[in-house]
Amino acid sequence: MKPTTGEFFGYDWPIEDRIARFEVDLKYASGEAKAEYPYLFFINCSSGKDKKAPLTVMERFSIRFLINQLKIMMEPIYVGSIKTKNEVQYYFYCKSDSCLEKLKAEAKKKKNILCRVDAVHESDWDTYFSLLYPDEAKRQTEENRKTLEILEKNGFPMAGTKKICLHMFFKSEPRMLTFAERARLDGFAIGDTEFIGEQDYAHGVILIELSALRKKELDTITTKAVNLAKEYGGILSYWDCR
């Protein structure tokens, strides 16, 4: 199901040792809808022939058709999805779970796809905020995609191992220095320090890692750096390579 409204953000993220494509509607981040829509519905679909087989074009079409049918019955808030090659899972919040059995019955009618429908009371919207909504590490994976596209478009030599330079910034020098030592112990090489006085995060240090310019490897590197910097109140400003 392709989002047509809302503020959808997509990113790649591993789930159960597989890379999946996440889509989430960011407009619900304020949490204002939680009280009125406390029931989480999740609808999981896979191939009716073999659950582990990649979904065909026809199967994906059948899934989209079914989801649209169920949405009419649910009157929900659609908040996002997780998709892999062989399955898709959609997430909705509803005012009640009274339609659950009808949804299950409708899903069973589909013979060419396997569809599981379930619901839980989740007034805190933990699935939305903890699983779907992107933190800085998840958002950075899309910045990685954009940077790679720009490099390739501008004729940068993409083959081979490159020196990846991560520009990490902090609000104070002591925090930056403490972080740098921790990063060194965690396997990063430490490069030059930086100072940009006109910005709030003024104190920087460059982390260096060798990697191919492949998104999966870069996502692993930036996720490690971003999560480590977060412990010291820091950010990844950008990365470049040589």
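Residue pairs whose Cβ atoms lie under 7 Å apart, separated by 6 or more positions or on different chains, with the first residue in the range 91-110 and closer than 10 Å to LEU70 by Cα and open to solvent by 50 Å² or more (accessible area, probe 1.4 Å) and the second hydrophobic (A, V, I, L, M, F, W, C) and assigned to a helix (DSSP H, G or I), are LYS102/MET73. For ASP124, the conditions (1) out of contact with any strand residue (DSSP E or B) (no Cβ under 9 Å at 6 or more places or on another chain); (2) free of Cβ contacts under 8 Å to residues at least 60 places away in the same chain; (3) open to solvent by 60 Å² or more (accessible area, probe 1.4 Å) are fulfilled apart from (2). In the range 143-159, the residue that is farthest from ALA225 (Cα to Cα) out of those that are open to solvent by less than 60 Å² (accessible area, probe 1.4 Å) and part of a helix (DSSP H, G or I) is LEU151. Selection of the range 43-73 for residues being farther than 15 Å from LYS111 by Cβ and either at pLDDT 95 or above or open to solvent by 70 Å² or more (accessible area, probe 1.4 Å) (or both) yields ILE43, ASN44, LYS52, PRO54, VAL57, ARG60, ARG64, ASN68, ILE72, MET73. Contact map, the range 213-239: residues that are on the phi > 0 side of the Ramachandran plot and surrounded by fewer than 21 Cβ atoms within 10 Å (Cβ to Cβ) paired with residues that are at pLDDT 95 or above and in a helix (DSSP H, G or I), Cβ distance under 6 Å, separation 6+ or inter-chain. Pairs shown: GLY233/ARG175.
Summed over the range 160-186, residues that are in contact (Cβ under 8 Å) with a residue 40 or more places away in the chain, exposed (fewer than 15 other Cβ atoms within 10 Å of the Cβ) and not polar (S, T, N, Q) total 4.
The values are calculated or read from the model by the stated rules, or taken from the named source; none is laboratory data. Treat the numbers as computed from the prediction; the structure is a model and nothing was measured. When we count neighbours, we look across all protein chains shown, and the Cβ atoms used for this are built from the backbone with ideal geometry, even at glycine. Note: areas computed on protein heavy atoms with side chains; ligands, DNA, RNA excluded. Shrake-Rupley method; radii C 1.70, N 1.55, O 1.52, S 1.80 Å.
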